[in-house]
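Here the structure comes first, spelled out in C-alpha cells, and everything after it is commentary.
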C-alpha cells in the first residue's frame with residue numbers, strides 16, 4: 001500500500017460496480033489528481049450471470065472472472081476486507097488476507113460490496129447447501145453433480161444410488177431456473193457415457209415460495225419457462241418452502257420428503273451484512289440509502305450503487321410510480337449504467353461540479369435454460385417483445401456476451417461458445433480440486449512405528 005498526499009478515493013468491493021466505477025474514475029481523472037484504492041477479498045471480479053453456464057461446462061470458469069489488477073491499472077488493489085469504517089475520522093479498517101489489520105484514511109468513499117445469499121435458519125442448510133454466488137461454488141457444483149453420477153454408476157446400494165441421483169434446487173428466480181436448466185442439460189449429456197445411469201434415473205426438483213418462477217420476464221414467459229422445465233422431467237413445487245434438510249433428508253412445507261446429496265440454494269440475495277458496521281444510513285432491508293445522484297443521503301463524500309444500494313428508479317417515478325415503491329432492481333443492467341454515472345459523479349464531486357442524476361428505463365430481461373433454450377422480454381418504448389426458445393437463447397448469450405467486461409474476456413467467452421458448437425461437452429469431474437493435497441499428504445506422512453516383536457513384549 002502506497003502513502004500519498006493526494007486525496008484517496010476508496011472503493012469498497014471489486015465486483016461489477018466497483019470495477020466499472022474505478023475504471024471510469026481513472027479514465028476521467030487528471031494525472032495524479034487522486035489515488036484510487038480498491039479493496040476486495042478476491043483479486044478478481046465475477047460476472048455472475050454466467051455462473052450457471054460455468055457450472056454446466058459451457059464456459060471455462062477462468063473466463064467468467066476478470067483480474068482486478070490487470071483491468072484497473074493505475075489503482076491500488078488491496079486483497080482483504082473492510083471490516084469497519086469510522087466516518088467521523090474518515091478511516092477504514094482493512095483486514096488483509098494475512099497479517100494484522102490496519103487503518104486506511106480516505107477522502108471519498110464508494111460502497112460497492114454487492115449482495116450475499118439470503119438464507120434462513122433452516123436445520124441442515126449450512127451443512128448441506130450449495131450456493132451460487134461465486135465461481136468457486138459454480139465449479140464445486142459441477143464437480144459435485146458429476147461425482148454423484150460416478151457414485152450412482154458404481155454402487156449396488158439402491159438407497160445410495162437414489163440419493164445421489166436426486167437434485168433439489170431452492171429458489172425459482174433467474175439464478176435458480178437458469179442453474180437447474182443448465183445442470184439438467186449437463187447431466188442429460190453426461191448420462192450417455194454411463195452404463196448404469198440414464199436421465200430417467202435422475203430426479204430434479206425446483207422449489208419456490210412464490211406462485212411463479214422467473215418473475216423478471218413476466219407471467220406469460222414465466223409460465224412458459226415452467227412448462228418447458230417440466231417437459232424435461234423437472235418437478236416444480238410453487239408456494240412452498242423447505243423446512244429442513246438434515247443429512248440430505250429434504251422436508252418441504254407441502255409434505256414432500258426426498259433424500260438428496262445435492263441441495264442448491266438460490267432463494268434470493270440480501271445486502272452485505274458488513275454495511276451495518278460502516279456508519280451509513282440504511283434502508284428497511286439493509287441497503288445503503290442513496291439519492292438519485294447515487295450519493296448516500298446526508299453524506300456528500302460517499303456514493304453507492306449496485307446490489308447493496310437503495311437507488312430511486314427515476315424512470316419509473318417519471319412514469320407515475322410512487323416514489324416509495326420505485327427502486328432500481330438488483331441486476332447487471334442497472335449495475336453497469338450506475339457504475340458509469342457513479343464514476344462521473346465522484347470526479348465531479350471531487351472538483352465541486354454539479355452531478356448527474358441516474359435514470360434508466362428497463363430494457364427487458366433474458367434468461368437461458370440450457371443449450372438452445374431460453375426466454376426473453378425486450379422493451380422498446382411502450383412495446384414489449386416476448387421471445388422464447390432458441391431465439392431467446394441467442395438474445396441471452398448476445399446480451400451477456402457484450403456486457404462481459406473487457407474485450408479479452410468477451411473474446412474468450414465467445415470462443416468457448418464457438419468451440420461448443422463443434423465439440424462435445426466435457427463431462428469430467430475434478431473433485432480432487434477440493435482437497436488437492438490429500439493424495440500427497442497420504443504419500444508423505446510418516447509411516448507408523450513398527451509393532452514390537454512378540455518376544456520383546458513378553459520380556460516387558
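The values are calculated or read from the model by the stated rules, or taken from the named source; none is laboratory data. The shown structure was predicted, so the numbers you read here are calculated from the model rather than taken from an experiment. Cβ atoms come from the backbone with ideal geometry, glycine included; neighbour counts cover every protein chain shown.
Annotations for the structure displayed:
To keep it simple, each residue is scored yes or no on (1) under 17 Å from residue 179 (Cα atoms); (2) within 21 Å of the chain's Cα centre (by Cα).
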position	(1), (2)
330	no, yes
346	no, no
349	no, no
359	no, no
367	yes, yes
379	no, no
382	no, no
389	yes, no
398	no, yes
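- Selection status of residue 22, modelled with pLDDT of 95 or more, out of contact with any helix residue (DSSP H, G or I) (no Cβ under 6 Å at 6 or more places or on another chain), under 21 Å from residue 303 (Cα atoms) and part of a helix (DSSP H, G or I): yes
- Here 300, 344, 313 are screened, and the one residue that is closer than 18 Å to residue 9 by Cα and free of Cβ contacts under 8 Å to residues at least 60 places away in the same chain is 300.
- Test: residue in the range 336-343 that is under 21 Å from residue 285 (Cβ atoms) and touching a helix residue (DSSP H, G or I) at 6+ places or on another chain (Cβ under 6 Å): yes
- Subset of the range 360-385 (residues that are assigned to a loop (DSSP other than H, G, I, E, B) and either within 29 Å of residue 51 (Cβ to Cβ) or at pLDDT 95 or above (or both)): 360, 361, 362, 363, 369, 370, 371, 372, 373
- Pick from the range 152-171, criterion in contact with a helix residue (DSSP H, G or I) (Cβ under 8 Å, 6 or more places away or on another chain) and touching a residue at least 60 places away in the same chain (Cβ under 8 Å), ranking: nearest to residue 253 (Cα to Cα): 170
- Residue count for the range 288-297, restricted to those that are within 21 Å of residue 118 (Cα to Cα) and in contact (Cβ under 8 Å) with a residue 40 or more places away in the chain: 1.
- Here residue 37 meets the list (1) touching a residue at least 60 places away in the same chain (Cβ under 8 Å); (2) assigned to a helix (DSSP H, G or I); (3) touching a strand residue (DSSP E or B) at 6+ places or on another chain (Cβ under 9 Å) almost entirely, failing just condition (2).
- Residue match in the range 67-84 (condition: closer than 30 Å to residue 183 by Cα and either outside any strand (DSSP E or B) or in contact with a strand residue (DSSP E or B) (Cβ under 8 Å, 6 or more places away or on another chain) (or both)): yes
- Filter result for the condition that a residue is modelled with pLDDT of 95 or more, surrounded by fewer than 21 Cβ atoms within 10 Å (Cβ to Cβ) and not in a strand (DSSP E or B), over 136, 184, 200, 127: 200
- Residues in the range 97-124 that are farther than 28 Å from residue 330 by Cα and not in a loop (DSSP other than H, G, I, E, B): 102, 103, 104, 105.
- Across the range 105-118, the qualifying residues are those that are under 19 Å from the mean Cα position of the chain (by Cα) and crowded, with 16+ Cβ neighbours inside 10 Å, and the one among them that is nearest to residue 81 (Cα to Cα) is 113.
- Subset of the range 215-247 [farther than 21 Å from residue 188 by Cβ and touching a helix residue (DSSP H, G or I) at 6+ places or on another chain (Cβ under 7 Å)]: 215, 216, 222, 245
- Taken over the range 150-168, residues that are crowded, with 21+ Cβ neighbours inside 10 Å, out of contact with any strand residue (DSSP E or B) (no Cβ under 7 Å at 6 or more places or on another chain) and over 19 Å from residue 429 (Cα atoms) amount to 0.
- Residues that are surrounded by fewer than 21 Cβ atoms within 10 Å (Cβ to Cβ) and touching a strand residue (DSSP E or B) at 6+ places or on another chain (Cβ under 9 Å), drawn from the range 9-34: 26, 29, 34
- Residue 235 meets the conditions (1) surrounded by fewer than 15 Cβ atoms within 10 Å (Cβ to Cβ); (2) in contact with a strand residue (DSSP E or B) (Cβ under 6 Å, 6 or more places away or on another chain); (3) farther than 30 Å from residue 365 by Cα in every case but one. The failed one is (3).
- Test: residue 69 is surrounded by fewer than 21 Cβ atoms within 10 Å (Cβ to Cβ) and in contact (Cβ under 8 Å) with a residue 24 or more places away in the chain: yes
- Odd one out for residue 84 among (1) at pLDDT 95 or above; (2) buried (at least 20 other Cβ atoms within 10 Å of the Cβ): (2)
- Boolean, residue 147 is outside any strand (DSSP E or B), at negative phi, free of Cβ contacts under 8 Å to residues at least 24 places away in the same chain and surrounded by fewer than 21 Cβ atoms within 10 Å (Cβ to Cβ): no
- Residue 283 falls short on exactly one of the conditions (1) at pLDDT 95 or above; (2) surrounded by fewer than 17 Cβ atoms within 10 Å (Cβ to Cβ); (3) in contact with a strand residue (DSSP E or B) (Cβ under 6 Å, 6 or more places away or on another chain), and that condition is (1).
- Within the range 187-197, being in contact (Cβ under 8 Å) with a residue 12 or more places away in the chain, surrounded by fewer than 23 Cβ atoms within 10 Å (Cβ to Cβ) and farther than 25 Å from residue 213 by Cβ holds for 193, 194, 195, 196.
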